[in-house]
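Participant: Here you go, one structure.
The values are calculated or read from the model by the stated rules, or taken from the named source; none is laboratory data. Quick caveat: nothing in here was measured; it's all calculated off a predicted structure. Here the Cβ positions follow ideal geometry from the backbone for every residue, glycine too, while neighbour counts run over all protein chains shown. The area values use the complete protein model at the heavy-atom level, side chains included, leaving out ligands, DNA and RNA. Shrake-Rupley method; radii C 1.70, N 1.55, O 1.52, S 1.80 Å.
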Amino acid sequence: MHQANLSRRPAGVATLILAGALCSLPAMAANTSELEQRIADLQRQLAEAERDLAEARGQTQPMQAEPAPAAEETEQVAAAIPPPEDKGFHIGPVKIGGAARVNYVLGSYQGYDGGPNRGGNGGNVELDTFRINLALDYNNIIGALEYRWYPAGTGTNYNFMHSGWLGYRFQDDSEVKVGLNRVPFGPGPYGVSQSWFFDQHYYVGLADDMDLGVKYSTSIDNWTLDFAYYAGSEGGFFGRSLDSARYGYDAVRWTESADADGNVIYGGAHNGYDERNQFNVRAIYSLSDARIPTDIGVSLQYGQLKGQRADDGSHWAASAHMINRYDNWTLATQLTRYEYDIDSDNPWGTDTLIPMGAYDFAWPVAAKAWIPAISISYKYETPQIPWLDYVLPYVEYSSIVKDESDFNNSDMLVVGAAWARGGWYIYSDLAFSNGNYFVGNEAADDGSDDYGSLYGVGDFGANGNDEWNYRFNLNLGYYF
């Protein structure tokens, strides 16, 4: 779906089309085959008119993997599914909303008794996040602000701005946004994912990443085009880490270093990178009239890295992606190549790893890799169930396939379903991974991740703990 080209036909358009067409039927009755063809054409026109009418009434806005009220940006996404019921309220042209979410976690964990992102062997329940959203839409002036709080435990709470931008909507529905906004990369804001976990693109900064800059989005015929320049990443906000109290993964500065054997030295001088002068281009072509409607796209990204106690570097990424829809089925696929080009003369002693951070924690990520990702989902509406609007089951797989031969790839498989009712949205996910430190921490011989070594963790870098772990996650969110 292309948001900028929503049709604005009047509410009675379907009835008018059908009535006018029926009046012409007697002239065609002489030929049965022509009459049958005409009826088929009328049915197609009626279906198109009803779809356009629903769009004009705002009933087919795309669902984001993390549903949100009007303050969220609307972009090309993996599935055209309505978000939870919008319960925000207005103060003049500003709409106010928010969300509160709670997690239940059960998984392959050693030594963790609590925390919203890690669960003990017996499972635990924690407040996941609380957020406030503001949205502005007044005389073509648009804007959004979202701020989030994460109660990670006594003395470890952190909070940050998720997004904050002002923009303008032109008469052709193209838009420009200035401020902290979502980077246009991949098939949608959450890549191919519908799950609470996202796919592995997110953890290397290539899905749902917010940066500080300007973005222009427009539609021309079947094309949706995005052009963006970002002066820098979103920066760190309030937490314990030096630079990682942020929502999206970026190359960051930290206080750690490593010796020649990869043993981590904590609490040293500041070092690492800041992202600078990033350019993004995304083009998506919609085959909306095909038997299986398909969106085919490419995304390109290039930027500079400003080093601290490390030489400056650069980074780039290129991605091909496709979304296929058939009835209520959605298949999303993506293949990405990314590279962080840095020098090995740095405090962690290698050019094959680069510190990246989010959620108040930084850790090395493989500097060069391929990422294949795929997901399939099915929307099942449930009008027969009074307490449920629809359920969305899905299966997702993604992997970070690293250039360095000594590194283990980082795979993740998620099987789950999302459940929607009014302002409620619930994720029920079972994730399996051999290289995502949000999914278990058990190692061989009853051990666990060793954060004393760059090569001892099941992570997005060397992935020394190449053990398959699981995590069952139940996230209950109320969006108001």
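Participant: Restricting to strands (runs of 3 or more DSSP E) lying wholly in region 306-376: which have 1 or more residues that are over 22 Å from D411 (Cβ atoms) and open to solvent by 10 Å² or more (accessible area, probe 1.4 Å)?
Facilitator: Per the criteria, 313-326, 329-341, 361-366.
Participant: Could you go through region 340-358 and let me know if any residue there is among the aliphatic types (A, V, I, L, M), over 22 Å from N434 (Cβ atoms) and without any contact (Cβ under 8 Å) to a residue 40 or more places away in the chain.
Facilitator: No, region 340-358 contains no residue that is among the aliphatic types (A, V, I, L, M), over 22 Å from N434 (Cβ atoms) and without any contact (Cβ under 8 Å) to a residue 40 or more places away in the chain.
Participant: State all residues of region 405-419 that are of a type outside the set (F, W, Y) and buried (at least 16 other Cβ atoms within 10 Å of the Cβ); if no residue qualifies, say none.
Facilitator: Passing the criteria: N408, N409, S410, D411, M412, L413, V414, G416, A417, A418.
Participant: A follow-up question, please. Anything in region 423-453 that is of a type outside the set (S, T, N, Q), in a loop (DSSP other than H, G, I, E, B), open to solvent by less than 10 Å² (accessible area, probe 1.4 Å) and touching an Asp or Glu at 6+ places or on another chain (Cβ under 9 Å)? List them, or say none.
Facilitator: Listed by number, the residues that qualify are G423, G435, Y437, G440.
Participant: The conditions are (1) within 17 Å of the chain's Cα centre (by Cα); (2) not in a strand (DSSP E or B), and I385 fails exactly one of them. Which is it?
Facilitator: The number of the failed condition is (1).
Participant: Identify all residues within region 356-379 that are in contact with an Asp or Glu (Cβ under 8 Å, 6 or more places away or on another chain) and basic (K, R); write none if there are none.
Facilitator: Result: K368, single match.
Participant: Search region 200-225 for residues being open to solvent by less than 10 Å² (accessible area, probe 1.4 Å) and in a strand (DSSP E or B), and hand back the single one that is nearest to N434 (Cα to Cα).
Facilitator: M210
Participant: Quick check, is R246 basic (K, R), open to solvent by less than 40 Å² (accessible area, probe 1.4 Å) and either touching a Ser or Thr at 6+ places or on another chain (Cβ under 9 Å) or more than 23 Å from N159 (Cβ to Cβ) (or both)?
Facilitator: Spelling it out, R246 is indeed basic (K, R), open to solvent by less than 40 Å² (accessible area, probe 1.4 Å) and either touching a Ser or Thr at 6+ places or on another chain (Cβ under 9 Å) or more than 23 Å from N159 (Cβ to Cβ) (or both).
Participant: In contact with a Phe, Trp or Tyr (Cβ under 7 Å, 6 or more places away or on another chain), in contact (Cβ under 8 Å) with a residue 24 or more places away in the chain and at negative phi: is that true of Y302 in this structure?
Facilitator: yes
Participant: How about region 174-199: which of its residues are over 23 Å from T333 (Cα atoms) and part of a loop (DSSP other than H, G, I, E, B)?
Facilitator: Passing the criteria: only S174.
Participant: Moving to a separate point now. If I filter region 134-155 down to residues being within 20 Å of D172 (Cβ to Cβ), more than 22 Å from the chain's Cα centre (by Cα) and not hydroxyl-bearing (S, T, Y), which single residue comes out as most open to solvent (accessible area, probe 1.4 Å)? Reasoning before the result, please.
Facilitator: At the first step, the residues of region 134-155 found to be within 20 Å of D172 (Cβ to Cβ) are 137-143.
From what's left, more than 22 Å from the chain's Cα centre (by Cα): 137-141.
Retained after the next criterion (residues that are not hydroxyl-bearing (S, T, Y)): 137, 139-141.
Numbers: D137: 91, N139: 113, N140: 60, I141: 75 Å².
That would be N139.
Participant: Let me ask another. Filter region 156-173 down to the residues that are of a type in the set (S, T, Y) and not in a loop (DSSP other than H, G, I, E, B), then identify the one that is surrounded by the most Cβ atoms within 10 Å (Cβ to Cβ).
Facilitator: If we take residues in region 156-173 being of a type in the set (S, T, Y) and not in a loop (DSSP other than H, G, I, E, B), then S163 is surrounded by the most Cβ atoms within 10 Å (Cβ to Cβ).
Participant: Quick one: would you say D389 is among the acidic types (D, E), surrounded by fewer than 20 Cβ atoms within 10 Å (Cβ to Cβ) and in contact with a Lys or Arg (Cβ under 7 Å, 6 or more places away or on another chain)?
Facilitator: Considered against the rule, which asks whether it is among the acidic types (D, E), surrounded by fewer than 20 Cβ atoms within 10 Å (Cβ to Cβ) and in contact with a Lys or Arg (Cβ under 7 Å, 6 or more places away or on another chain), D389 comes out as yes.
Participant: What are the residues in region 454-480 that are open to solvent by 10 Å² or more (accessible area, probe 1.4 Å) and within 15 Å of W196 (Cα to Cα), if any?
Facilitator: Y470, F472, L474, L476, Y478
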